[in-house]
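Novice: There's a structure below that I have some questions on.
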Amino acid sequence: MFKLEALQALHGDCLLLQWGTDDAPHLMLIDGGPTTVYRDSLRPRLVELIDEHGEPLVIDLLMLSHIDDDHINGLLDFAKELDDNRTNDLHGRDPLRIKVRRLWHNSLEGLLDDPLVERATASVTASIGAALQLPVGGSEADTDAHFHGKVLASVPQGQELHRYAVQLGWRLNAPFDEPALVMRGVRDKPVRIEGLTMDVVAPAAAEVEALRIAWKAKRRDDGTLAAYSDRSPYNLSSIVVLASFDGRRMLLTGDARGDHVLAGLEANGLLDDDGRIHVDLLKLPHHGSKNNVKKEFFERVTADHYVVSGDRGRFPNPARDAMQWLHDARGDDDYTVHCTYEIDDMRALFGDRLVTPRAQARSVTAELESAV
């Protein structure tokens, strides 16, 4: 068994990765979507899984791809309920018996004062500047001016999730130790969790350093609302992993930019001689935003299954342009697109290749057959 279930999460992401066997299943929860998603989609699905597998339901890995409201909010609701269970503050509910073994979350708690990139090379410094849209060599004062009035509202949410993790005894970012952040290049071999192998493709240290600078510049607790851009240090710091099991591979991209994903794949030696990779499943970056991919990305990263989460409600994602690039890049190839909502122009574009939730369902699932 190796399958990715994308829950209806409005404009956000909420994914359940299952692997193993029917007798010994394993579970990974990736992101929790924005407000109401935990109540409407995630919690009911977790209750179903408890009924299927018994209690306590074990989540081997909970992964927050990055601190953005449309990814973290549902996880905060989930963590709060588990913390209420711990303190017997149930508000009339039956306890939700779930055990989380570990959390991957680049919260940066305790690391705000020390640069993550010591003795940075010019290329690393340049990439930090590019991530922040700053001149190369820009200071933290420049950063503060650049982000004046910008949203860093998800920073307190990241701090809150970190606090819950400590209170609930979740292992934070294991087995990443020095620094205790999930980054490419920190470990010399992939991570293995209950038979699942994960190559960390992103973020690189430069992207995380950009987030640290932006976070420190806004004094961490500034909850002012403002607009995000495709160069948001949050998106650029997304955790991207290539998950492998039973001879199959899934590329899970968060809200990362396509060129950063390609750079990480190349750095990890995962591209072929032509600079391409074929995976069994690709979770599209940033809900299929046209700001994060180009047609070239879909030509170089091909898949049998594409998963995209987005309702075109608050934001225009999955973007028409990006879906057209995917369609044009693949031509008459055999592939399937799984989308969490039925969208008319996507149906017209992909036809029977498009799979959406059945009537009354709250998710869409791509299941990969074993290649072993």
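None of the figures in this text is laboratory data; all of them are computed from the coordinates on show. What you are looking at is a predicted structure, and each value in this text was computed from that prediction instead of being measured. Cβ placement follows ideal geometry from the backbone for every residue including glycine, while neighbour counts extend to all protein chains displayed.
Novice: Check Thr36: other-chain or 5+ apart residues with amide H under 5 Å from its amide H, H built from backbone geometry?
Specialist: The list, which skips near neighbours in sequence, is empty: none.
Novice: So if R0 is 41 Å, what FRET efficiency would Ala359 and Arg163 give, r being the distance between their Cβ atoms, rounded to the nearest 0.05?
Specialist: Details: r = 40 Å, r/R0 = 0.98.
About 0.55, to the nearest 0.05.
Novice: Follow-up question, since we're still on this one. Pairs to check: Lys99/Lys283; Lys99/Lys290; Lys189/Lys283; Lys99/Lys295; Lys80/Lys189; Lys3/Lys294. Give those whose C-alpha atoms are more than 30 Å from each other in this structure. Before the final figure, lay out each step's value.
Specialist: Details: Lys99/Lys283 26 Å; Lys99/Lys290 38 Å; Lys189/Lys283 23 Å; Lys99/Lys295 41 Å; Lys80/Lys189 34 Å; Lys3/Lys294 27 Å.
Among Lys99/Lys283; Lys99/Lys290; Lys189/Lys283; Lys99/Lys295; Lys80/Lys189; Lys3/Lys294, the Cα-Cα distance tops 30 Å for Lys99/Lys290; Lys99/Lys295; Lys80/Lys189.
Novice: For segment 160-217, what does the equivalent ellipsoid look like in terms of its semi-axes, each the square root of 5 times an eigenvalue of the Cα gyration tensor, given largest first in whole Å?
Specialist: Working: eigenvalues 89, 71, 13 Å².
One finds semi-axes of 21, 19, 8 Å for segment 160-217.
Novice: Karplus couplings for segment 331-340 from phi (6.51 cos²θ - 1.76 cosθ + 1.60, θ = phi - 60°), rounded to Hz, Gly and Pro as x?
Specialist: After applying 6.51 cos²θ - 1.76 cosθ + 1.60, I find x, 8, 4, 8, 7, 10, 10, 10, 10, 6 Hz.
Novice: Let me ask something else. Go through segment 54-70 residue by residue and turn each phi into a ³J(HN,Hα) via Karplus (6.51, -1.76, 1.60, θ = phi - 60°); whole Hz please, and just put x for glycine and proline.
Specialist: Per residue, the Karplus-derived 3J(HN,Hα) values read x, 10, x, 6, 9, 9, 5, 8, 9, 10, 8, 5, 6, 7, 9, 3, 7 Hz.
Novice: A further question on this structure: What ³J(HN,Hα) values, in whole Hz, does the Karplus curve 6.51 cos²θ - 1.76 cosθ + 1.60 give for segment 74-80 when θ = phi - 60°, with x put for Gly and Pro?
Specialist: Running phi through 6.51 cos²θ - 1.76 cosθ + 1.60 with θ = phi - 60° gives x, 5, 5, 4, 5, 5, 4 Hz.
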